[in-house]
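Reviewing the structure listed below.
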Amino acid sequence: MAPSAHPRAMAPARPGRTRTAPPQTAEGWYAQPRMRRYLLFDATGLVYLLLGFLMLRVTWALGSGRVAWDRVLANFENPLYVAFHLLSLVAVVFVAVRFFRLFPKAQPPRIGPLKPPPAPMIHGLLYAAWIAITLLFVTILCGGLFA
Amino acid sequence: MKQLLLKLEPVIWLLFGQGILVGTMLLTGWLLVVGLALPLGLLPAGALDHTRALELGSNAIGRLVLLALIALPLWKGAHHLRSLSIDFGGGARDAAVATLLYGLASLGSLLALVAIARL
């Protein structure tokens, strides 16, 4: 396989004489609806970071014994935890819907010798997988499987 | 530090992407059960009893799922918060912010391995 080209391989030896202004951000860019949704998508990072550490606490408690485990579950009935979990659920659904919409657009034109499936099929498969995994997870956690 | 971050970019993007995809798919069920069913008293008795939860979490698949549920959201969160910081004019402080956030995600991922080994 040929080595990849240098990113500036096609650049002129000397910069052109055209003077260009440094890039500037438009005034109030963050208030535009498109940018607001984009920033909200980024901001879900805080919820995910907190969720990751919360899952760490849950796993740690599971390994620490019955008392620690029961304490964590009792904490989850606190209104603050309920509010955080509901906010997290909204954030997760928002991320899923936005990401699933972007996913087909991010596919390369070819994957080896194959072309990726059409966008509606990728979209449908992602939603089907999401619903199936969620149902399976809920069934297991509620004792419907492996009881 | 910037050079190191550029070198690590593919790994970070892999963890970030999987954080969105796998993390989201796994977290939805967990949040429905713990965020809604548990406080509303809808869970069958003993469903999340310690013995049963330990049995579920301590087999090979359970450990893998728990590792994904901890580490992947941490990397998704860290990368998105870094992106948010850059969007709000944080280009100059990016190396420090990235080090802090990826450091937190790395620490959390290491602790996840320890937590899973304790099961």
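The values are calculated or read from the model by the stated rules, or taken from the named source; none is laboratory data. Since this is a predicted model, take the numbers as computed values, not measurements. Every residue, glycine as well, gets a Cβ built from its backbone with ideal geometry; the counts of neighbours run over all protein chains shown. Heavy atoms of the whole protein, side chains included, go into the accessibility calculation; ligands, DNA and RNA do not. Shrake-Rupley method; radii C 1.70, N 1.55, O 1.52, S 1.80 Å.
Points to keep in mind about this one:
- Residue mean of other protein chain beta carbons inside 10 Å, B:78-84: 6
- Per-bin percent of Cα-Cα distances, chain A [5 Å]: 2, 6, 8, 11, 13, 12, 11, 11, 8, 6, 4, 3, 2, 1, 0
- Sequence of B:SER58, B:SER85 when ordered by accessible area, the most exposed leading, probe 1.4 angstrom: B:SER58, B:SER85
- Counting only other chain Cβ atoms within 10 Å of each residue's Cβ, the peptide A:35-41 averages 2.
- GNM result for chain B, Cα springs below 10 Å: residue of B:LEU56, B:LEU32, B:LEU72 fluctuating most strongly: B:LEU32
- By the compact-protein rule of thumb, 2.2 N^0.38 Å, the alpha-carbon radius of gyration of the range B:2-117 corresponds to a ratio of 1.28.
- Signed unit charges on C-beta, dipole axis of chain A, positive-most listed residue A:VAL138, A:ALA43, A:ALA91: A:ALA43
- Calculated over the range B:63-119, the projected area of the Cα convex hull averaged across directions stands at 3.5 nm².
- Chain A: relative contact order in percent, alpha carbon pairs under 8 Å with at least 6 residues between: 13
- The label-point distance for A:MET121 and B:LEU107, in a model that sets each label 7 Å from Cα toward Cβ, rounds to 4.7 nm.
- Highest mean first, the peptides B:35-48, B:15-28, A:91-104, A:26-39 sorted by other C-beta atoms within 10 Å per residue fall in the order B:15-28, A:91-104, B:35-48, A:26-39.
- Cα-based Kirkwood hydrodynamic radius, the range A:32-106, one decimal, Å: 14.2
- Remark: mean inter-chain Cβ contacts per residue of A:118-130 equal 1, using a 10 Å Cβ-Cβ cutoff to other protein chain atoms.
- The phi torsions of the range A:105-119, fed into the Karplus equation with coefficients 6.51, -1.76 and 1.60 and a -60° offset, translate into couplings of 5, 8, 6, x, x, 9, 10, x, x, 9, 8, x, x, x, 3 Hz, rounded to whole numbers, with Gly and Pro shown as x.
- Cβ charges +1 (Lys, Arg) and -1 (Asp, Glu), total dipole of chain A, debye: 900
- Total lysine pairs under 22 Å (Cα atoms) in the protein assembly as shown, excluding pairs fewer than 8 apart on one chain: 4
- Gyration tensor (Cα) of the protein assembly as shown, equivalent ellipsoid semi-axes in angstrom: 39, 21, 19
- Note on the range B:62-119 and the range A:35-89: Cα centroid distance 15 Å, given to the nearest whole angstrom.
- What you get for chain B, charging only the Cβ of Lys and Arg (+1) and of Asp and Glu (-1), is a dipole of about 220 debye around the Cα centre.
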